[in-house]
1. By how many nm would the segment from residue 20 to residue 64 lengthen if fully extended, with 0.36 nm per residue of separation less the alpha-carbon distance?
2. Just how large is the dipole of the stretch 5-120 about the Cα centre, in debye to the nearest 20, putting +1 at every Lys and Arg Cβ and -1 at every Asp and Glu Cβ?
3. Going down the list 43/91; 43/98; 29/91; 37/91; 43/88, which pairs span over 23 Å between their C-alpha atoms?
Amino acid sequence: MLNNVILQGRITSRGVEANSAASGTDVFKFSVNYSEKYKEEWKNSFFECVAFGKTGAMIQNYFQAGSAITIEGKLQQDQWEDKETKQKRSKVSIIVNKVHFPVKDKEGVESVDTAEVKIESESDVPF
């Protein structure tokens, strides 16, 4: 089976949040906003993203809220039961394994068209 996602967008105002997992691996969470025009109106979609170790640290160091970014990764669905309502809940996230830097135009404005620079993630993702 194939589970591969490529997404171009901008990091949302939340920015990149860092935490440590119980295994000691650094975990970096952020959201990416993807916008497209549909029938003369802009539609926004927001995607939760998770990066680990060196890839996540690089994203935190070089990208901030509003930065254009292109990521590659896989989809992961987490499921749990809400403690209050006892209803089953789920969330789909993108587990990032590559990131591409944006290209700047002549005026220095970032574009979601990306340069060929790729950063590979660590192979020891904790799941």
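Where a number appears in this text, it was derived from the coordinates with a stated rule and is not lab data. Since the model is a prediction, treat every value here as computed from it, not as a measurement. Glycine also receives a Cβ, built like all others from the backbone with ideal geometry; neighbour counts cover every protein chain displayed.
1. 13.9 nm
2. Numbers: 17 positive and 17 negative charges, 55 e Å.
With only Lys, Arg, Asp and Glu charged at Cβ, the dipole is about 260 debye.
3. Numbers: 43/91 21 Å; 43/98 26 Å; 29/91 14 Å; 37/91 26 Å; 43/88 28 Å.
In this structure, 43/98; 37/91; 43/88 exceed 23 Å between Cα atoms.
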